[in-house]
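Undergrad: Attaching a single structure in structure tokens format; questions to follow.
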Amino acid sequence: MIRSMSESDLPQVLRLWNTCAESGDMLYLPMEPDRFRRKFMEAPFGCDPDFRLVAAEGDQVLGFLHGVPPLSFPLAQPGDSFLTVLLVSPAFRGRGIGRALCAELISRLRSRGARNLQISNWNPVDLPWRIPGAPGHDHNNAPGLDLESASAGFFAHLGFSVRVREIAMYTSLAGWEIAPEVKALQARLRAEGIETGPYDPALDYDYGRMCDGVQSDYWRDVLSSEIAAWKAGQPNPDPRFWADDAPPRGPRTLLTATHDHRIVGFTGPVDLQRSGRGWFTGICTDPGYEKRGIATVLFSLLLQAFREEGAAFATLFTGEENHAQKIYLRAGLRIVRRFGLMRMELPGEAT
């Protein structure tokens with residue numbers, strides 16, 4: 001029987017979750033009841049009870065599925081819906097339970113006007129996952145489906161296709177130092193009039209041209225909100241740019257490349273998650289200043305700033321074809337996992 005999850009199901013669902021996490025069936029971290037509630041039952045988005053499903057036989061929970069319907073998350077496009085996680089008890093696999101849970105999810109989504117179903121990082125429910133082979137280190141969100149998991153084949157047979165491939169990268173920061181060649185590159189940029197390092201918001205340098213060049217309102221929002229927070233002496237109020245689920249401790253360091261009263265490269269803001277992970281929103285270079293080594297210098301400065309903040313490690317994910325991964329590899333990061341942003345079209349309406 002497939003039905004909505006009830007409050008009384010919580011202990012069994014948690015037991016199933018932690019069994020799958022501790023056995024290595026999935027990379028997601030084990031959960032306590034309070035964390036499960038915050039993620040799946042109390043968050044502003046992604047907590048519609050019609051999309052917390054269980055497969056049950058009598059009082060026994062055999063499987064759990066969580067989905068997110070359309071219009072529940074401001075950054076989603078109209079008709080976007082998401083599958084967050086699908087779990088089936090090891091003793092009951094191979095009996096069609098996972099397929100039945102997905103079929104019920106799809107039926108409910110179509111009745112809400114869903115046009116597609118995605119497994120992607122646009123899902124508002126962020127779930128941290130452990131880094132394989134690392135001493136308890138994790139990443140704050142999975143960029144799609146773990147393509148090395150046993151479920152990858154299941155979802156492909158169900159009708160999902162991989163639209164984008166992402167690689168997850170990691171490094172321990174114990175003993176990390178900026179390479180001499182990067183210091184030399186920084187000096188060469190300075191000789192060309194390009195300064196790299198912490199940005200002084202009082203300069204009020206222009207960054208609109210860079211954001212226009214990369215066609216990113218996201219970077220514009222990062223810079224404008226962080227600079228405003230600096231000037232106000234307050235934490236950034238925008239939760240999109242928080243390292244954890246609480247506001248940052250205060251104004252944070254922005255690392256920039258500047259030239260001719262303009263910001264032409266940027267990374268940060270520099271922050272530290274409670275897990276010990278160095279956190280930042282990404283890295284950006286003005287297209288007119290590419291291939292000069294600006295991103296290489298900024299990324300090394302970022303890792304140095306992480307160490308100074310007390311970070312134990314750094315992780316990120318990037319496109320499998322993104323040339324920026326060469327920068328990360330040279331800085332000492334390694335590829336630890338491959339993920340697929342998957343999508344299934346849902347034409348028509350449920351009857």
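None of the figures in this text is laboratory data; all of them are computed from the coordinates on show. As the structure is a computational prediction, the values presented were derived from the model and not from experiment. Cβ placement follows ideal geometry from the backbone for every residue including glycine, while neighbour counts extend to all protein chains displayed.
Undergrad: Please rank Val214, Val68, fewest neighbouring Cβ atoms within 10 Å first, as an exposure proxy. Can you show the working numbers first?
TA: Values: Val214 13, Val68 26.
Fewest-to-most Cβ neighbours within 10 Å comes out as Val214, Val68.
Undergrad: Additional query: Can you pull out the GluC sites (Glu not before Pro) in segment 73-182 that DSSP calls coil and that have at most 16 other Cβ atoms within 10 Å?
TA: Details: sites: Glu104, Glu148, Glu166, Glu177, Glu181; in loops: Glu148, Glu177.
When the GluC sites (Glu not before Pro) of segment 73-182 are filtered for loop state and at most 16 Cβ neighbours within 10 Å, Glu148, Glu177 remain.
Undergrad: Something else now. To the nearest 500 deg cm²/dmol, what mean residue ellipticity at 222 nm is calculated for the chain from DSSP H runs of n ≥ 4 alone, each contributing -39,500 (n - 2.57), summed and divided by the residues? Don't skip to the answer; put the middle values down first.
TA: On the way: 9 runs with 98 residues, N = 351.
So the calculated ellipticity at 222 nm is -8500 deg cm²/dmol.
Undergrad: Would you mind computing, in nm to one decimal, how far apart the modelled labels at Arg190 and Asp217 are, each placed 7 Å from Cα along Cα→Cβ?
TA: Distance between the two pseudo-spin positions: 3.9 nm.
Undergrad: Right, something else. How about segment 171-263: which trypsin sites (Lys or Arg not before Pro) there lie in a loop by DSSP and see at most 15 other Cβ atoms within 10 Å?
TA: On the way: sites: Lys183, Arg188, Arg190, Arg209, Arg220, Lys231, Arg240, Arg249, Arg252, Arg262; in loops: Arg249, Arg252.
When the trypsin sites (Lys or Arg not before Pro) of segment 171-263 are filtered for loop state and at most 15 Cβ neighbours within 10 Å, Arg249 remain.
Undergrad: What whole number of Å gives the distance from the Cα centroid of segment 305-342 to the Cα centroid of segment 118-191?
TA: After rounding, the separation between the Cα centres reads 6 Å.
Undergrad: Turning to a different aspect of this structure: Under a cut-off of 28 Å between alpha-carbon atoms, report the lysines in cross-link reach of Lys291, not counting same-chain residues fewer than 8 places apart.
TA: Lys183, Lys326
Undergrad: If you put +1 on each Lys and Arg Cβ and -1 on each Asp and Glu Cβ, how big is the dipole of segment 180-311 around its Cα centre, in Debye rounded to 20? Don't skip to the end; give the middle numbers.
TA: Details: 15 positive and 19 negative charges, 69 e Å.
That gives a dipole near 320 debye.
Undergrad: Relative to the present Cα-Cα distance, how much length would full extension add between Asn116 and Ser161 at 0.36 nm per residue of separation? Write down the numbers at each step before the final one.
TA: Details: separation 45, 0.36 × 45 = 16.20 nm, distance 1.16 nm.
Between Asn116 and Ser161, full extension yields an extra 15.0 nm.
Undergrad: Also: Where does each of Val85, Val222 land when they are ranked from fewest to most other beta-carbon atoms within 10 angstrom? Each step should come with its number before you reach the end.
TA: Numbers: Val85 20, Val222 25.
Ascending Cβ contact count within 10 Å gives the list Val85, Val222.
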